[in-house]
Amino acid sequence: MTHPDDPDDLDPVIVESSRSCTYAKDGMTVEVAIYRLESSTEWALEVIDSHGTSLVWNDEFASEDEAWAAFETAVKEEGLHGMFAPDDPRKMN
């Protein structure tokens, strides 16, 4: 039996960055999610395409702005379509 006041029974609280957004370029639209656990100072970066395919960076970031910069760098270097290539190691279906 679980007890609502037991901290082991609570789901972690996720803090979403104000940098999270819908982003469109070159005819493709994705959701950019930058978030962290409430108990952590490190930010995660995830990008989801219109088919629900998710790319998650292995690295965590010291700030929301650093995570956003990593996304911008990937878009500049690979393009959105390139980021979702079938062999991209960040891909999680």
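The values are calculated or read from the model by the stated rules, or taken from the named source; none is laboratory data. Everything quoted here is computed from the prediction, not taken from an experiment. Counting neighbours? That spans all protein chains shown, and the Cβs are built from the backbone with ideal geometry, glycine included.
I'd like to know if the stretch 29-48 contains one or more residues that are at pLDDT below 95 and in contact with a helix residue (DSSP H, G or I) (Cβ under 9 Å, 6 or more places away or on another chain).
Looking through the stretch 29-48, none of the residues is at pLDDT below 95 and in contact with a helix residue (DSSP H, G or I) (Cβ under 9 Å, 6 or more places away or on another chain).
I need the full set of residues from the stretch 32-48 which are of a type in the set (D, E, K, R) and buried (at least 16 other Cβ atoms within 10 Å of the Cβ), in order please.
The answer is Arg36, Glu46.
In the stretch 49-83, which residues are crowded, with 17+ Cβ neighbours inside 10 Å, closer than 20 Å to Asp26 by Cβ and either among the aromatic types (Phe, Trp, Tyr) or touching a Ser or Thr at 6+ places or on another chain (Cβ under 7 Å) (or both)?
Trp68, Phe71
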